[in-house]
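This report concerns only the one structure given below.
The numbers here are math on the coordinates, done by the rules we state, and not lab data. Since the structure is predicted, the reported quantities are computational estimates derived from the model, not experimental observations. Neighbour counts are summed over all protein chains in view; Cβ atoms, including those assigned to glycine, are modelled from backbone coordinates with ideal geometry.
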Amino acid sequence: MSGKPFQPTAVDEHIGQRVQLRRVMMGLSQKDLAKICGVTFQQIQKYESAGNRISASRLFELSSALETPISFFFMGLPGYMPEPNRSGRVAQRVSEQKANDPLAKNESLQLINLYWKLPNDEQRKTIMNMLKALNGVEA
């Protein structure tokens, strides 16, 4: 060990945000996820805030607990990602996630989850019409 304090990288932050995003998508609290993974909720907080780096084995456990492939945690990561082609592999630019993207916000995911939990199409239509009216959009 070098004795230097841990400094999270942009990758650590991105993966932590993706853990939080998936946890919220599934309707789990930090405490719920911690129980599934056998760690404290404070550890989940540290992972999500990039206060602690997530090891490969822990990321594997989190992908299982969150019912998603490990690749989910890397989606949207700025940089080059390999994509197979006829000659082997080529690099493809992955778009950088914008800070003001509403789909990157937990509140948006909660809204989507709640919308699809409504019991029928009529209630979903009512909510959609209400949102359109509030935003001045004709139904």
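Observations, loosely collected:
- Inter-site label distance for I36 and K125 at 7 Å from Cα along Cβ, in nm: 3.5 nm
- The label-point distance for I70 and S108, in a model that sets each label 7 Å from Cα toward Cβ, rounds to 2.8 nm.
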